[in-house]
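Structure first, then comments.
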Amino acid sequence: MLVNAMMLPLVVLSVLLAVTPTIAVWPVPRQYSTGTTPLRLSPSFSIKLSGIDHAPRDLVDAVARTSSYLRKDKLQALVPDRGASSAKVIRGAKSLSSLTVSLTTKGKVRSISEEAIEDVESRVEGYTLTIPADGSAASLRANSTLGLFRGLTTFGQLWYDWDGTTYTLEAPFDIVDSPAYPYRGLMLDTARNYFPVADIKRTLDAMSWVKINTLHWHVVDSQSFPLVVPGFTELSKNGAYSASQVYTPGDVKEIVQYAAARGIDVMAEIDTPGHTSIIAKSHPEHIACFEASPWTQFANEPPAGQLRLASEATTNFTTSLLKAAASMFPSTLFSTGGDELNANCYDKDAATQADLASQKKTLEQALDTFTQVTHSGLREVGKRAVVWEEMVIEHDVTLANDTIALVWISSEHVAAVAQKGHKLIHAASDFFYLDCGGGGWVGQNVLGNSWCDPFKTWQKSYSFNPTANLTEEQSKLVLGGQHLLWTEQSGPANLDPVVWPRAASSAELFWSGPGGDVGEALPRLHDLSFRFVQRGVNAIPLQPTWCALHPGMCDLHA
Amino acid sequence: MRAVFLICIAIAPCSVLGLWPIPRNLQTGTTLVKLASTFNIKVDIDNPPQDLLDAVSQANTYIQTDKLQRLVVGRGANDSAALGQAPTLPGLTLSLLTSDAPESANCYRSCTAYWDPQRRILSHSPKRWNVCHSDCKFHSRVVQRLDDLRIALAPISIVNDIPAFPYRGFMLDTARNFFPVADIKRTLDAMSWVKINMFHWHVVDSQSFPLDIPAFPEIASKGAYSSSEIYSAADVQDIVSYAGARGIDVLVEIDTPGHTAVIASSHPEHIACSQASPWTDFANEPPAGQLRLASAATTNFTAQLISSIAKTLPSSLFSTGGDELNTNCYAEDAQTQADLAKSGRTLEQALNVFTQATHKSLTDLGKTPVVWEEMVLEHTVTLPKDTVVMVWISSQHASSVAAKNFRIVHAPSDYFYLDCGAGEWLGNNPSGNSWCDPFKTWQKSYTFDPLASLTTAQRSLVLGGQQLLWTEQSSPENVDSIVWPRAASSAEVISLIFWTGATLPDGTARNVASALPRLHDLRYRMVRRGVRAIALQPHFCVLRPGVCDLRS
């Protein structure tokens, strides 16, 4: 605590009022100090850009959004009387009339959007935020507009409302913050069930509030192909659920821009060679074991169908498709998937067997060729490939050194991926799969439950150790991690409650670093959930309201 | 312009009907029928009650605004030509089978509908659509059925569609987290669409007391989460009448003597072990606190409290709870020990006195008490013979309750608890999961057998059942997505005909495979009507019944 003698009377008063002891910022800043002085926002409070030449439009917009949240959040403090007993103190508090926002570096000012889509390992997201207790101007400084955006996000989470006054009881604040890991993501599957653009945008807003910086967009899969790819429009025309359930190039541009303006890079995925059954609706020649039955022998999920990876025509088709799709997204990252390859599908496919025989290749060799060709196509359009873990640890495939692996099957596989020397993203089903525990979705399976039971609580994700079983050298391979939503049983109807606030758990883990204590975190996470609801995101309550208002009293051993 | 409704065509087999719960008797044909642009529901009843007219109006609105496309590949696009030539249905006539209105809930009479191709009108056999009616608010259930008809194949005949069990409920806890009236009304609408007829309202609990009770306003003013999170007397009447007009009776519960910690905010003298720590020694959930059942003052207070709210409610049922009594709470409460010593009673004897007093306040009002199973199975308490007992701890306990000859409502946590499987909500327990893991899928609930392990003689004790939402981790933000469409599962199970075997109208056994397409249909319709029911499968699977079965 930063306390000076002049503030002492107020300090004593605040302690008597049992002020919430912890900063209500999520993810928690890596260095911060708070005080115990009440401070309120002046009715004329404003955020001022200082010394920023030609301030980028997205920074100006971010300032406007922050001001809007400050006015409209109207979140009352999570204490039993919601702030009533502090009313007098709040009325008598000094008022803050401005926040000054400035860059600490000179030179050409880049937009948030430009900085957000830079290579994941070279983004600059740190910031310094100082809010004095005496009402003099607060200051936000950073080396990048992206850092300023993160700082604005923090500033917007510090305040409560009582009777129309926006206040804190914890001034002064001194925050020096930057992320522990460069990749903090959320994956959304829009193929099993479709999500309108508005739902994706709302999700991007929520992601930005917890400083998540990557949307991993699993946009297509075997069930549907909603992405309208220039040059390959027949795929969505025949493979989308309906003409209105597609993402046009215009939609994609809108999403990508909306994301970037909020510090989020969009890493799209076209999963190959598996998870592609739906391509047969327009290109039956490229798909093996299309809707083969029983599906359990040909795929992990219905419908079965995989790209004929041994076919040169299919390989060329796939490469062109990936290049065309990747060109829709400005990110340097693009995922080619590569999970759950079903060998039996190819064993039973006459065309593939003929191709293998004529080329004298094994299936694994053909997969290697297929992958190298598709990945080299991506490199030609300036992309770095991302793959699911099987491509690294189950197959003999030559991958570029900079290929990033997503570890999903089990957190136990992290070390094996690291041993291969690839950078990796934590996406383990045993910690980060948001769909687990929601019951079986496969029909005619009365007693079935989700394959990855039980439900992954926020506490479980929060207690994940990103460098478990890794050497110090291998630990440097960890880019970060993400929660994931596979949407067999999700749609716009339950997107928010399934994702929030749980996905905020990994957002803090990979921003603030591991080792957080769930007991300390819960009151802040309540605060975040309540703020989300105020902002129109249907985050669920993690506990009865009584518990949220009485921190610690609903702990297991309270 | 009135929407055109496609029913079906013979070449595209539509064994799937969007009826949920499925009628007891159902015959359908293969003729495509569309509603006339002037389609009208005519009420051929003298002095029809306003709520019936409202229900007709609501049915008309749904017909116009649902705009649900068939769940087939193409969503019905291929049917356009056939649709152009299809006969139109000009109207539907409602009439009462008898003017003698039966009393009580035994008003289920024969309901018949028949498509008359000559007259192009739905008729009963031989000529009319018969409406079962009584004064007991259940007429709207008839209209609910009308609303389903448009997705059937003509000719259709639904004869004698009556529920197997009279109690088909849904329980909502509004104490752990608060639900505004609008959320409750939306839930009541959805309940009515699946013919659920009881809203079990677990309105208060240890965490908060959002119910404004006449004569005891201090309890809510001190015990609600905030002054805006209270159900006023007017709110309660609004909810009760909204429910009644939708064929739903509201069973309110004031859980006693446990689950009452929050009463200490206004009446500390009545609560033992208030917020005692560690809570695990004193309650199943924080905060601890139970009514001082051995105190005469507390007993009178409780009886008056219950009487004060019960008399404002039209239902003949009222629940006094009675679950999860913690004896250690009383063992450590000096006042309770003194009261027991003075009266020379054991705790069980005191509980018996307490319960008889609170139940007398109900029976004096002509109400029937409802209790949780512990009051029958774990305590030696004298209960009125007609007391209704809710079996919640385990489905295995139903036969023990039946052995005591009490009527049963099935509410077992191992089948019907909607909150299970969503993770631990207690703090500081990183590896914890819900106490009743795993998640109860709709399939699991659907396979529940209400008559399992009961003797033939005991079967008449089963009133029905319900799914339940305890709201430790629920709120307006996720109520729809947790409840729907799962709670429709019990609504159908309880409606089916178990005394003749668990069979569907076509004679096949009740099974999740034939239920799933109908449940998808219901879910999509709910979404059209603004209830955020979740997807049970990828949309791909929904359009291709059976393709995503485990062994297809």
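Residues in the stretch A:272-295 that are crowded, with 24+ Cβ neighbours inside 10 Å, of a type outside the set (A, V, I, L, M) and either on the phi < 0 side of the Ramachandran plot or touching a Lys or Arg at 6+ places or on another chain (Cβ under 7 Å) (or both): A:THR272, A:PRO273, A:GLY274, A:THR276, A:SER277, A:HIS286, A:CYS289, A:TRP295. For the stretch A:282-307, the set of residues classified as within 12 Å of chain B (Cβ to nearest Cβ) and of a type in the set (S, T, N, Q) consists of A:SER293, A:THR296, A:GLN297, listed by residue number. Within the stretch A:527-557, being within 19 Å of the chain's Cα centre (by Cα) and in contact (Cβ under 8 Å) with a residue 12 or more places away in the chain holds for A:LEU528, A:SER529, A:ARG531, A:PHE532, A:ARG535, A:GLY536, A:VAL537, A:ASN538, A:ALA539, A:ILE540. Restricted to the stretch A:44-146, the set of helices (runs of 4 or more DSSP H) holding at least 1 residues that are in contact with a Lys or Arg (Cβ under 8 Å, 6 or more places away or on another chain), under 30 Å from A:CYS547 (Cα atoms) and among the hydrophobic types (A, V, I, L, M, F, W, C) comprises A:87-91.
Rundown of residues vs (1) crowded, with 23+ Cβ neighbours inside 10 Å; (2) within 30 Å of A:SER461 (Cα to Cα); (3) within 14 Å of another protein chain (Cβ to nearest Cβ), yes/no style:
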site: B:LYS440; (1), (2), (3): yes, yes, yes
site: B:THR447; (1), (2), (3): no, no, yes
site: B:ALA457; (1), (2), (3): no, no, no
site: B:SER481; (1), (2), (3): yes, yes, yes
site: B:TRP484; (1), (2), (3): yes, yes, yes
site: B:ALA491; (1), (2), (3): yes, no, no
site: B:ASP506; (1), (2), (3): no, no, no
site: B:ARG528; (1), (2), (3): no, no, yes
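When B:VAL203, B:VAL252 are screened for being on the phi < 0 side of the Ramachandran plot, among the β-branched types (Val, Ile, Thr) and free of Cβ contacts under 8 Å to residues at least 60 places away in the same chain, only B:VAL203 passes.
Among the residues of the stretch A:537-557, is any surrounded by fewer than 24 Cβ atoms within 10 Å (Cβ to Cβ), under 17 Å from A:THR154 (Cβ atoms) and not acidic (Asp, Glu)? For the stretch A:537-557, residues surrounded by fewer than 24 Cβ atoms within 10 Å (Cβ to Cβ), under 17 Å from A:THR154 (Cβ atoms) and not acidic (Asp, Glu): absent.
Matching residues to (1) in contact (Cβ under 8 Å) with a residue 40 or more places away in the chain; (2) under 12 Å from B:LEU71 (Cβ atoms); (3) among the hydroxyl-bearing types (Ser, Thr, Tyr):
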position	(1), (2), (3)
B:ARG510	yes, no, no
B:PRO517	yes, yes, no
B:TYR524	yes, yes, yes
B:CYS541	no, yes, no
B:ASP549	no, no, no
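Conditions tested, residue by residue: (1) without any contact (Cβ under 8 Å) to a residue 40 or more places away in the chain; (2) surrounded by fewer than 22 Cβ atoms within 10 Å (Cβ to Cβ); (3) touching a helix residue (DSSP H, G or I) at 6+ places or on another chain (Cβ under 7 Å).
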| residue | (1), (2), (3) |
| --- | --- |
| A:ASN344 | no, yes, yes |
| A:THR352 | no, no, yes |
| A:LEU363 | no, yes, yes |
| A:ASP368 | yes, yes, no |
| A:VAL373 | no, yes, yes |
| A:ARG379 | yes, yes, no |
| A:LYS383 | no, no, yes |
| A:VAL387 | no, no, no |
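Just need a number here: residues in the stretch A:336-361 that are part of a helix (DSSP H, G or I) and within 14 Å of A:ALA299 (Cβ to Cβ).
5
Within the stretch A:220-241, how many residues are away from chain B (no Cβ under 14 Å), surrounded by fewer than 24 Cβ atoms within 10 Å (Cβ to Cβ) and in a loop (DSSP other than H, G, I, E, B)? The qualifying residues number 4.
Could you list, in sequence order, the residues of the stretch A:506-526 that are within 11 Å of chain B (Cβ to nearest Cβ) and outside any loop (DSSP other than H, G, I, E, B)? Give the derivation first.
Taking the stretch A:506-526 first, the residues within 11 Å of chain B (Cβ to nearest Cβ) are A:516-523, A:525-526.
Within the stretch A:506-526, A:VAL518, A:GLY519, A:GLU520, A:ALA521, A:LEU522, A:PRO523, A:LEU525, A:HIS526 qualify.
Exactly one condition in (1) at pLDDT 95 or above; (2) within 14 Å of chain A (Cβ to nearest Cβ) is false for B:ALA398; which is it? Failing condition for B:ALA398: (2). Selection of the stretch A:454-481 for residues being of a type in the set (Val, Ile, Thr) and assigned to a loop (DSSP other than H, G, I, E, B) yields A:THR457, A:THR467, A:THR471. Scanning the stretch B:389-411 for residues being free of Cβ contacts under 8 Å to residues at least 40 places away in the same chain and under 18 Å from the mean Cα position of the chain (by Cα) gives a total of 2. Close contacts from the stretch A:67-95, counting a first residue that is over 25 Å from A:LEU522 (Cβ atoms) and a second that is among the aliphatic types (A, V, I, L, M) and in a helix (DSSP H, G or I), with Cβ to Cβ under 9 Å and a gap of 6+ residues or different chains, come to A:VAL89/A:LEU10; A:VAL89/A:LEU13; A:GLY92/A:LEU10; A:ALA93/A:LEU10. Looking at the stretch B:185-198, is at least one residue modelled with pLDDT of 95 or more, within 21 Å of B:ASP323 (Cα to Cα) and within 21 Å of the chain's Cα centre (by Cα)? Yes, there is a match, as at least one residue in the stretch B:185-198 is modelled with pLDDT of 95 or more, within 21 Å of B:ASP323 (Cα to Cα) and within 21 Å of the chain's Cα centre (by Cα). For the stretch A:412-450, filtering for residues that are under 17 Å from A:MET187 (Cβ atoms), within 14 Å of chain B (Cβ to nearest Cβ) and out of contact with any Gly (no Cβ under 8 Å at 6 or more places or on another chain) leaves 6. Inside the stretch B:401-435, residues that are at pLDDT below 95 and under 27 Å from B:GLN349 (Cβ atoms) make up a count of 0. Out of the residues in the stretch A:176-198 that are within 21 Å of A:ILE404 (Cβ to Cβ) and assigned to a strand (DSSP E or B), state the one that is nearest to the other protein chains (Cβ to nearest Cβ). Filtering the stretch A:176-198 for residues that are within 21 Å of A:ILE404 (Cβ to Cβ) and assigned to a strand (DSSP E or B), the one nearest to the other protein chains (Cβ to nearest Cβ) comes out as A:ASP189.
Out of all the residues in the stretch B:165-192, which are of a type in the set (Lys, Arg) and surrounded by fewer than 24 Cβ atoms within 10 Å (Cβ to Cβ)? Residues satisfying the conditions are B:LYS185, B:ARG186. Within the stretch A:53-69, the set of residues being surrounded by fewer than 16 Cβ atoms within 10 Å (Cβ to Cβ) and closer than 16 Å to A:GLY147 by Cα comprises A:ARG57, A:VAL60, A:ASP61. The test for being at the interface with chain A (Cβ under 7 Å from one of its Cβ atoms), in a loop (DSSP other than H, G, I, E, B) and touching a residue at least 12 places away in the same chain (Cβ under 8 Å) holds for B:SER475. For B:ASP212, indicate whether it is in contact with a strand residue (DSSP E or B) (Cβ under 9 Å, 6 or more places away or on another chain), surrounded by fewer than 24 Cβ atoms within 10 Å (Cβ to Cβ), at pLDDT 95 or above and not aliphatic (A, V, I, L, M). When the stated conditions are applied, B:ASP212 passes them. Would you check if A:GLU285 is over 24 Å from A:THR487 (Cβ atoms) and at pLDDT 95 or above? Here the answer is yes, as A:GLU285 does meet what is asked.
The values are calculated or read from the model by the stated rules, or taken from the named source; none is laboratory data. Remember, predicted model here, so these are calculated numbers, not experimental data. Reconstructed Cβ throughout: ideal geometry from the backbone, glycine too, with neighbour counts over all protein chains shown.
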